[in-house]
Amino acid sequence: MKAVILAAGQGTRLRPMTADLPKCLIPVNGKPIMQYQLESIEECGISECLIVVGFKAEKVERHFGSQFRNTKLIYIQNDWFEETNNIYSLWLAGRHLLEDIILLEGDVLFEPRLLEKILRSPHPNLAVVDTFKPPMNGTIIFANLGIATAMILKKNQPVDFDYRGALKTVNIYSFSRVTFQDHLFPALGVSVSKGQTDQFYEASIAQLIAQGDLQLAAPLIGNGNWAEIDEPGDIREAEH
């Protein structure tokens, strides 16, 4: 099992805090967001973590170095972070991902036991979800008996969209080696080859689900606390 953290973005909605600081280094209760993630990864016994960096990459590398406790850190540089989205970052990491993976976005906080729950899951591919409730926004999933039947990105949710039964993605995923290398990585590559590097990687996941090429479990986060840090108000909520 290998962990992957996507942390190349500029965090523009958090400016001026992110004018000279990557979002993953923004402190929450005095500790950088990514440190919480790395602590959870290390506590689960995951020995290697790939971190895709871009904006102010040197600050992330300098802060954490090449080792976090017992977890080796490998950095992958997205030189085109200003023009691309996380589909490109995940594609860059793809050739290094030759085993089962846990995929995280660098702005998500969660309780450590969540990763332990993922590792114990009988499902090789899963997306952690929460019951959708306003003012949540972003990618959602519809599921039947705990298996995703559709993934809908924000851009495909019109004003009158029916959210009944919707589940909000927490931006924490796991994929088996076979699923990633045989299905997801090639799908990412097709989008990149077409110049669609401004998309979210969920677009490729959604396509695979629609085609019937990916059976994605959608376990509810339950009582576990989590927070996605996009705007200043999210920091205050996360600290609470």
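Within the group A218, A227, which residue is out of contact with any Asp or Glu (no Cβ under 7 Å at 6 or more places or on another chain) and among the small types (G, A, S)?
Working: A227 fails: out of contact with any Asp or Glu (no Cβ under 7 Å at 6 or more places or on another chain).
Going through A218, A227 in turn, the sole match is A218.
Of the numbered criteria (1) of a type in the set (V, I, T); (2) open to solvent by less than 30 Å² (accessible area, probe 1.4 Å); (3) touching a Phe, Trp or Tyr at 6+ places or on another chain (Cβ under 7 Å), the one I229 fails is (3).
Could you check, for the range 5-20, whether at least one of its residues is surrounded by 21 or more Cβ atoms within 10 Å (Cβ to Cβ), assigned to a helix (DSSP H, G or I) and aliphatic (A, V, I, L, M)? Checking the range 5-20: not a single residue is surrounded by 21 or more Cβ atoms within 10 Å (Cβ to Cβ), assigned to a helix (DSSP H, G or I) and aliphatic (A, V, I, L, M).
The single residue among L208, L145 that is over 17 Å from the mean Cα position of the chain (by Cα), of a type outside the set (D, E) and at positive phi turns out to be L145. Determine whether the range 112-125 contains at least one residue that is among the hydrophobic types (A, V, I, L, M, F, W, C), over 22 Å from A217 (Cβ atoms) and surrounded by 14 or more Cβ atoms within 10 Å (Cβ to Cβ). There is no residue in the range 112-125 that is among the hydrophobic types (A, V, I, L, M, F, W, C), over 22 Å from A217 (Cβ atoms) and surrounded by 14 or more Cβ atoms within 10 Å (Cβ to Cβ).
Do you know which of the residues in the range 109-145 that are within 26 Å of V159 (Cα to Cα) and of a type in the set (V, I, T) is modelled with the lowest pLDDT? Break it down into steps so the answer makes sense when it comes.
Going through the range 109-145, the residues within 26 Å of V159 (Cα to Cα) turn out to be 127-144.
Next, only the ones that are of a type in the set (V, I, T) stay: 128-129, 131, 139-141.
On the way: V128: 95, V129: 95, T131: 92, T139: 95, I140: 96, I141: 97.
Among those residues, the one meeting the criterion is T131.
Looking across the range 194-221, the residues that are open to solvent by 40 Å² or more (accessible area, probe 1.4 Å) and either over 21 Å from F175 (Cα atoms) or charged (D, E, K, R) (or both) come down to K194, G195, Q196, D198, D213. Looking at G45, G54, G65, just one residue is small (G, A, S) and open to solvent by 40 Å² or more (accessible area, probe 1.4 Å), and that residue is G45. Report yes if some residue within the range 72-92 is touching a strand residue (DSSP E or B) at 6+ places or on another chain (Cβ under 8 Å), open to solvent by 70 Å² or more (accessible area, probe 1.4 Å), in contact (Cβ under 8 Å) with a residue 12 or more places away in the chain and in a loop (DSSP other than H, G, I, E, B); otherwise report no. Within the range 72-92, none of the residues are touching a strand residue (DSSP E or B) at 6+ places or on another chain (Cβ under 8 Å), open to solvent by 70 Å² or more (accessible area, probe 1.4 Å), in contact (Cβ under 8 Å) with a residue 12 or more places away in the chain and in a loop (DSSP other than H, G, I, E, B).
It is to be established whether one or more residues within the range 33-40 are over 17 Å from the mean Cα position of the chain (by Cα), open to solvent by 10 Å² or more (accessible area, probe 1.4 Å) and not aromatic (F, W, Y). No; the residues of the range 33-40 include none that is over 17 Å from the mean Cα position of the chain (by Cα), open to solvent by 10 Å² or more (accessible area, probe 1.4 Å) and not aromatic (F, W, Y). Filtering the range 2-45 to residues that are more than 22 Å from T84 (Cα to Cα), free of Cβ contacts under 8 Å to residues at least 40 places away in the same chain and of a type in the set (G, A, S) leaves G30, G45. Could you check, for the range 179-191, whether at least one of its residues is open to solvent by 60 Å² or more (accessible area, probe 1.4 Å), out of contact with any helix residue (DSSP H, G or I) (no Cβ under 7 Å at 6 or more places or on another chain) and under 22 Å from G106 (Cβ atoms)? Checked the range 179-191: no residue is open to solvent by 60 Å² or more (accessible area, probe 1.4 Å), out of contact with any helix residue (DSSP H, G or I) (no Cβ under 7 Å at 6 or more places or on another chain) and under 22 Å from G106 (Cβ atoms).
The values are calculated or read from the model by the stated rules, or taken from the named source; none is laboratory data. Nothing here was measured: the structure is a model prediction, and the numbers come from that model. Note that each Cβ is placed from the backbone with ideal geometry, even for glycine, and that neighbours are counted across all protein chains shown. These area figures cover heavy atoms from the full protein model, side chains too; ligands, DNA and RNA do not enter into them. Shrake-Rupley method; radii C 1.70, N 1.55, O 1.52, S 1.80 Å.
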